[in-house]
Every structure is written in C-alpha cells, then in structure tokens.
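The values are calculated or read from the model by the stated rules, or taken from the named source; none is laboratory data. Here the structure is a predicted model, which means the values were calculated and not measured. Methodologically, a virtual Cβ is constructed for each residue, glycine included, from the backbone with ideal geometry; neighbour enumeration extends over all protein chains shown.
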Amino acid sequence: MRKTLSWLIVILLPIVVTGGVYALRRDMSQRNREWPTQMEYSPAAKPQTANAVLPYGMTEQLPVAGTIPRGFQPFHYSPGEEEEKRAGLELTNPFQPTAENLARGQHVFTNYCIVCHGPSGAGDGPVIPKYPNPPNYNSDKSKALPDGSMFHVITLGRKDMPSHAAQVKAEDRWKVILYIRKLQGKVN
Ligand code: HEC
C-alpha cells in the first residue's frame, strides 16, 4: 500500500507541479494552446466551389431526383404549335375574373406586355413597328385562343414573342390572361 502511494506521488507530483507552473506563467490575454486542431477549424466550404470530399466533386449537391423546389409548378409541355393546342384543351384558368385578379392582371400587363401589345391590346405598343407586329387581341383568332394556349404562349413563347416564364410567375400569367379577356370585351 505504501509502495503504491509513493509511486503515485513520484508520477503525479511532477505532472501537477509542471502544470501549475505552466498555468501560473501563462499569458491569460492569449488564446489557449489547442490540440488537436482539426476539429476546431473545420473547413467551411463555399457554395459553387469544387469539393474533393463530397459527391460529384462539388460543394452544392444536386436536388434529389424527382423533387421540385417549394412553390414551383412544373409545366409539362414543350414549345410548338401542337403542344400549344394541347395546353388549350387540357388547362383551364384557375382564377376568376374578380376585381382584384383583374387589377393584378392589369398591373402585370402594364409592366411586361404593354410595350409590344399596346394599352388596348391592339398590337401597337411603343416599340412597334421597330419590333415585328404582335397580333391584335381583338381579332377573332385571338378571341378564340383558349386560356391554356395563351398560358403556353406566355410561358414558352411563340415565334417573335419571347417566353415570360422568368419574369411573370404562373399565378400572374393566369391573371394577365383574365385582363386580356377584359380587353377583348369577354369579361367586364
Ligand atoms: C417583345 C414584344 C412582346 C412582349 C413584351 C410580349 N409579347 Fe406577346 N406577342 C408578341 C408577338 C410578336 C406575338 C406574335 C407571335 C406569333 O408570331 O405568333 C405575341 C403573341 C402573344 C399571344 C398570342 C396571341 C394570339 O392571338 O396568337 C399572347 C396571348 C401574348 N402574346 C401575350 C403576352 C403577354 C401576356 C405578355 C406579357 C406578359 C406579352 N405577350 C409580352 C410580342 C410580345
């Protein structure tokens, strides 16, 4: 028993003394010594950078297959006349021509469409005739164009009419169609 105790003192005493001296002499205004350092400085990878550790060798990962971003509405049509017709048969406007929806439609039209289509939809906006003439909304052909086909035109574009999917969200595209119907005298 005594032997063990003296051995313990022989081993522990130098450790305690060295530690104590070290602690007393330490400059408290400085950071403590760190070991091991790997966990304290974990690398914060920046987005859009190459990354040797993660799959595909990049920091940002691809979305899981089959998932869509929250609030995103997939549009299952390709460009072209046939697909425009199909959209006209399959899609219906989810919004009613209430005063509120028409006001929103007018707001969108005034901001994104009026330059070409003109205030009354006659195809006489300020950039015409420098830009190829858009059709008059008051023609029989335009009046007969179903909402779904219009949605297809606004979403994917058609000939000289560029796609407006990036600047006008789906909900607003339907509302601007309501406003076009108003310009055509089809809703009040
Ligand atoms: C840069 C000019 C331009 C802008 C901006 C523009 N359009 Fe057009 N739009 C056109 C042209 C040109 C056509 C005719 C395309 C063709 O040759 O079939 C057209 C056609 C259309 C048609 C089909 C009409 C029909 O009778 O066939 C709709 C609907 C339409 N545009 C809606 C819109 C809406 C809604 C906006 C705003 C969100 C908009 N456009 C913005 C130029 C434009």
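Would it be correct to say that I128 is within 20 Å of Q184 (Cβ to Cβ) and modelled with pLDDT under 95? Please lay out each step first, then the result.
On the way: within 20 Å of Q184 (Cβ to Cβ): yes; modelled with pLDDT under 95: yes.
Taking the combined requirement at face value, the residue satisfies it.
Flag set for T59, criterion: touching a Lys or Arg at 6+ places or on another chain (Cβ under 8 Å) and either at pLDDT 90 or above or farther than 27 Å from K169 by Cα (or both). Considering the conditions (1) in a helix (DSSP H, G or I); (2) exposed (fewer than 10 other Cβ atoms within 10 Å of the Cβ); (3) not aromatic (F, W, Y), R31 is excluded by exactly one of them, (1).
Need at least 3 residues that are within 12 Å of the ligand (Cβ to nearest atom) and either exposed (fewer than 14 other Cβ atoms within 10 Å of the Cβ) or in contact (Cβ under 8 Å) with a residue 60 or more places away in the chain (or both) per element, so show me which helices (runs of 4 or more DSSP H) inside segment 75-188 make the cut, counting only ones lying wholly within it. Walk me through it before giving the result.
On the way: elements: 81-90, 99-108, 114-117, 140-144, 147-156, 170-183.
Where helices (runs of 4 or more DSSP H) fall fully within segment 75-188 and carry at least 3 residues being within 12 Å of the ligand (Cβ to nearest atom) and either exposed (fewer than 14 other Cβ atoms within 10 Å of the Cβ) or in contact (Cβ under 8 Å) with a residue 60 or more places away in the chain (or both), they are 81-90, 99-108, 140-144, 147-156, 170-183.
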